[in-house]
Amino acid sequence: MILSMLCLNRSLKKIFAKGVQKIIMEILQSATTKLNNKIELYGEDKQDNNVLVIGVFHGDEPQGKYLIEKYIYSPSPAFQASSPQRGEGKRFLHTHNYTNFANSVAKELRKNSTDAERILWSILKNGQFFGLHFKRQQPIGNYIADFACMKKKIIIELDGSQHDETKSIEYDRKRTQCLNSLGFQVIRIWNNDIFNNLNGVYEHLFNILKKDKNIKQKFLRPLGERMSVGQERGYIQHNKLLFLPCLNPDGMQNNTRTNSNGVDLNRNYPTKNWGQDTSAAGNNPADYFGGKSAGSEIETKFVLDIIEKYKPKLILALHAPYKVVNYDGPAEKFAKSISKIIGYPVEASIGYPTPGSFGTYCGVERNIPTITLELDEEIPIAQLEQPVFEIFDYLSDC
C-alpha cells in the first residue's frame, strides 16, 4: 500500500470531532526533528489519569498514524446529528426502518458516546446505581434508548440543547409515548445538569425511583450513602487519552524503519540492557541500531519528557506486522481485553531480544502497564479501524 494513501493530508487542529462527541484537544508539546518535521502530542492538559497512545515508531509502519488521525477525525455517521456545544450532541435516528439495523447502529452509538453519556455511564455501569443493571444504547421497539434497565423497565435519556426546539419536543413526546406504551418508565435528564449538577441529578433519580415498587428499597440510598468514595468520584476518573500520532516523521518521509540518524527509536531508551546485541532481530543489524548513546535522539527525549510530565497509567504503542498483543510490566489483563477486541493472541515476548526498547523502559523497569499492539499489515487499513477504535474507547474507560 502506498504510504501517502495511509496518511491524512491535513493537519490536526485544536478541536476534533469524533462522531458527535467533541474531544477537546490541544497541542500539549511539540518538537522539531533533524529534517524539520514536527512531533506533536495532543490531549487535554491534565496531569493525572492519562493513557498514552503512540503511533509510528518505525517509519515503514505508518498504520498507527493513520488510525489515530482517523479516530480523531471520524465523521458522524448518517444517522447521527451533531451539536455545536461540547458534550451536548444528542444522537437520534432519522426516518429509517430502525429495526433492520438497530443493533449495528447501537454498537456505533456506544463507540461514539458523548461526554455526558460517558459521565452518566460511569455511575450506571456494573450495577452500582441502585443495584440496577443498565445497558447503553439499547434497541427498544423503533428506538434506541440511551440507557435502559430491561428487568425493571426503566429508561434514562440525556437531552442536549437542541431538545428545547419545537420539532425536537414533539419528537421526544412521541418517542416517550411509544416507550411508555411498551411498559417503560422514561426519565429525561439535561446534559448541562450532568456537567454542572451531578449530585442534583442523583437526587432527582433517587426521588423518582424510590417510589417504584418494583425496586427493592435496600438498593435505594440517599445522597452521601450511595457509593464508596472511589465510586462516587468515578465520573471524574474517566481516563484522558493522550495521542502522539507519529514519533518518527523523518522515517515516514524516507520510508525507513529508522530515523534520519539511522537509529531504531525502539532501541534507544535508557534501559539496563541498552546497547546489547540486536542481530538476532533481523537480517540487517543496522535497522536495529540503538544510537550512539541511550536516549540520544530528539524523538526519544520527547517521549521521556512526556512520561515524566504526564505520568501515564497505561501506554499503548502501535506497530506492525506480527498480529499479536505484546505486553510489558503489569499489563496482562489489559492485553487480554485488547486481544478479545481484535482477535490477536497475547504474547509476553515478541520472540527475539529487544534491548533498549520502549516496553522494557516503561513496562519492565518502571512498572507502567505497556501494550505493544502489532497490527496486520497484509489487510486493507480500513479493516483495522473498527477494532482499533474500539480499543481506544476501551482504554478511555478501563
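The values are calculated or read from the model by the stated rules, or taken from the named source; none is laboratory data. Everything quoted here is computed from the prediction, not taken from an experiment. FYI the Cβ positions are ideal-geometry reconstructions off the backbone, even for glycines, and counts take in every protein chain you see. Protein only, heavy atoms only, side chains kept; ligands, DNA and RNA dropped before computing areas. Shrake-Rupley method; radii C 1.70, N 1.55, O 1.52, S 1.80 Å.
In table form, for the structure just shown:
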{"item": "Scope the range 370-386; condition in a strand (DSSP E or B) and either open to solvent by less than 10 Å² (accessible area, probe 1.4 Å) or of a type outside the set (S, T, N, Q) (or both); matching residues", "result": "T370, I371, L373, E374"}
{"item": "Test: residue in the range 167-184 that is open to solvent by less than 20 Å² (accessible area, probe 1.4 Å), modelled with pLDDT under 85 and either on the phi > 0 side of the Ramachandran plot or in contact with a helix residue (DSSP H, G or I) (Cβ under 8 Å, 6 or more places away or on another chain) (or both)", "result": "yes"}
{"item": "Check on P330, surrounded by fewer than 20 Cβ atoms within 10 Å (Cβ to Cβ), part of a loop (DSSP other than H, G, I, E, B) and at pLDDT 95 or above", "result": "yes"}
{"item": "Residue in the range 206-216 that is under 32 Å from the mean Cα position of the chain (by Cα), on the phi < 0 side of the Ramachandran plot and modelled with pLDDT under 90 present", "result": "yes"}
{"item": "Candidate set: the range 377-397, residues that are charged (D, E, K, R) and out of contact with any Leu (no Cβ under 7 Å at 6 or more places or on another chain); chosen: the one nearest to S349 (Cα to Cα)", "result": "E377"}
{"item": "Neighbours by Cβ (under 7 Å, 6+ apart or cross-chain): first from the range 302-328, on the phi > 0 side of the Ramachandran plot; second open to solvent by less than 40 Å² (accessible area, probe 1.4 Å) and not in a strand (DSSP E or B)", "result": "K323/Y344; K323/D376"}
